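Since the structure comes first, as structure tokens, the remarks are kept for the end.
Just so it is clear, none of the values below were taken in a lab; they were calculated from the coordinates. Keep in mind it's a predicted model, so treat the numbers as computed, not measured. Glycine gets a Cβ as well: all are built from the backbone with ideal geometry, and neighbour counts include every protein chain shown.
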Amino acid sequence: MSVIEKEMYQFGPFSLDPAERIVSRDGAPLSLTPKVFDTLVYLVRNRGRLLTKDELLKELWPDTVVEEANLAVNISTLRKMLGEGPQDGRYIMTVSGRGYRFVAAVQKATNEIGNEQSPITGNSFIASSGMDARTTNDGFEELCLQKSNDAGHSVVTPISTQKSGARNLTVSLAVALLLAAAIGSFFWPPQRKKNASATSAPSVAVLPFADLSPAKDQEYFSDGLADELINDLAKVPGVRVVARSSAFQFKGKNEDVRSVGRKLGVANILEGSIRREGNRVRIMAELIKADDGFQLWSATYDREMEDVFNVQDEIARSATAALQVKLVGTGVGEAIPSERTPKSEAYRAYLQAQAFFGSGEDRGNQERALASADEAIKFDPDYAPAWALRSYVRSVMAAYNVTEMEGGYARARQDAKRAIALDPRLATGYLALGWIQMMHDWDWEQAGDSLSKAAQLEPGSVEVLRYRSSLFRTLGRLDEAIELYKEVIVLDPLRARSYSSLGGQLYYAGRYDEANAMLQKALELNPKKESDHFIRGQVLLAQGRPQQALTEIEQETSGILKLTGKALAYHSLGRPQDSDAALQQLIATSQQDSAFQIAEVYAFRGESDKTFAWLERAYRQRDGGLMFLKIDPLLKGLRQDPRYADLLTKMHLPT
């Protein structure tokens, strides 16, 4: 018998017949004005895709100029018919500043005997997975039951556990695992998996979560949640995760997801929101295809703040089950579970410390970060991430002379070791320790061990790549350092400093054209950033173009680097008095912070005795510039001097 196909849709209790212009609930027809009906049809036909306001206006009023208010009225009318409020998001989700997305599961019906139906969404594989909760030997629920509500929106039903507080995992790890599962099933269909190359890794950017709290005072919490997502996703082998510094450039910009995907070079976007009122919090997360805005997965969780880690546990267990089913043959590995059970007060203080620490290196921010980290540890002395964060803060304070150097680094080392002892699977503990071993201890072998361990635990971490590149550069292994930093650029494509660092390494390797290209990109991203004009000046000096070098150095924004560069350029131009004047000004104003730069100028001018005097001073001061001792082109005239080999030996560097 022939099949007569007729376009019909069902979602929840609603049926939609565009041809007959009928919408009904449980078989009872509903009344809508023509334009409101057209709005519903267009939303349903494009289920899961972000529809911008401009697109909707052009589609619904193609030959008429109308105000956005008309569209808003239509959406409001539809929500009333569907029985939801503006914040519910069960059927129509508002994407702030951009448009609307129909998020409910939709069945497309074929008018045939038996009325065969088929889903037209990718959202229901979780909701229909039929997971059963089962209990392990130690009394913990292995999975949580996950159901679909009337709209097909993913709703998690809490299942009480015998030991609910003992093994709570993070929301970030949970969504990370679920994200990996979704990527594996939706972006690598069977016919493509066979031909996918090893370099075609699933990719995702986690955008800052929006703070929808009435008081708008939970930014530290929403940012911290996104941070945790990034860190935990980086633990999943085979998933490429964009670094925070690039992803957070879109904070508050409401940029179209397709544009975000292009700029970050990713196939998937994870975004969401938090809304806290009193002691209740709602967390919403959604995974979106970057090329067309199609929503792959979403979930909303309403809980008490004290119960937030039980929510995290529920997500993690359900996501792990989905991961085991969906990732066969994708090359994406499982995340390493994190044993974190902090008290809610400790977690909030930790996120506040993280926010202060990321706000800048000035004394005030660092002191506030330290106070909040202290508070987190006081609330929960066994919370390893708080110890690791406090180690970072103390290292920065010691490096910038906010605290006494030796004592500051000693306390930072104790904190890092405490973090590792509490959680040997926490990569940030090994990173914090590795940084101290590099910057202060000059124990390159131990630093290498610490960073290798961090790389095993968090292979996709951009910070792991940066630290390891820095270590290889210090040891003179420039080719390896450069290759690692190229990986940093892939993960952090919008951070100017990434291009500056790679440009510097290419300059040290004598690859001047490549260095200039990287430095130009850095300046395009941030024209006022320090060091770029100075390094470009050094490249020009190496190419024998001192006048152009001087012009470039005059644009440098760092006073110390500008004086250093001018002393170098004037010497190359045969202007010794001007070179002396710049050098003496550098000594007069910055000798406590710039012993290595002063030594560079004397070395470039061929004054070896003064060079080594300042290098010895840099050694006593633990000057960070000595990390460049083996590869700095300005010091190449010293390499046959026995004193140079002696200094390398004192620093435990290979000779």
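Efficiency by 1/(1 + (r/R0)^6): what FRET value for Glu554 and Glu524, r their Cβ-Cβ distance, R0 = 25 Å, to the nearest 0.05?
That pair, Glu554 with Glu524, gives E of 0.80.
Note the full-extension length gain between Glu277 and Asp256 as 0.36 nm times their separation in residues minus their Cα-Cα distance, in nm to one decimal.
The Glu277-Asp256 span can extend by a further 4.7 nm.
Would you kindly state how much longer the chain becomes between Ser76 and Ile22 on full extension, computed as 0.36 nm times their sequence separation minus their alpha carbon distance, in nm to one decimal?
17.5 nm
With each label point set 7 Å from Cα along the Cα-Cβ vector, what nm distance links Asp609 and Leu30?
9.2
Consider a paramagnetic label point 7 Å from the Cα of Arg45 along Cα→Cβ; state which residues of the range 53-84 have an amide N under 18 Å from it.
Counting backbone N atoms under 18 Å from the label point, the list is 53-64, 75.
Projected onto the charge dipole of the range 8-119 (+1 at Lys/Arg Cβ, -1 at Asp/Glu Cβ, origin at the Cα centre), which of Thr39, Val95, Leu60 gives the Cα projection farthest towards the positive end?
Toward the positive end, the furthest listed residue is Val95.
Could the peptides 210-216, 8-14, 503-509 be put in order, highest first, of the mean number of other beta-carbon atoms found within 10 Å of their residues?
Descending packing order for the listed peptides: 503-509, 8-14, 210-216.
At a 10 angstrom cut-off on C-beta neighbours, averaged per residue, how do the peptides 364-377, 629-642 rank from highest to lowest?
Highest-to-lowest ranking by the protection proxy: 364-377, 629-642.
Expressed as a fraction of 2.2 N^0.38 Å, the rule-of-thumb size for a compact globular protein of N residues, what is the C-alpha radius of gyration of the range 8-119?
My calculation over the Cα atoms of the range 8-119 gives 1.06.
Evaluate the distance, in nm, between pseudo-label points positioned 7 Å from the Cα of Thr52 and of Asp382 along their respective Cα→Cβ axes.
Computed distance between label sites Thr52 and Asp382 equals 5.2 nm.
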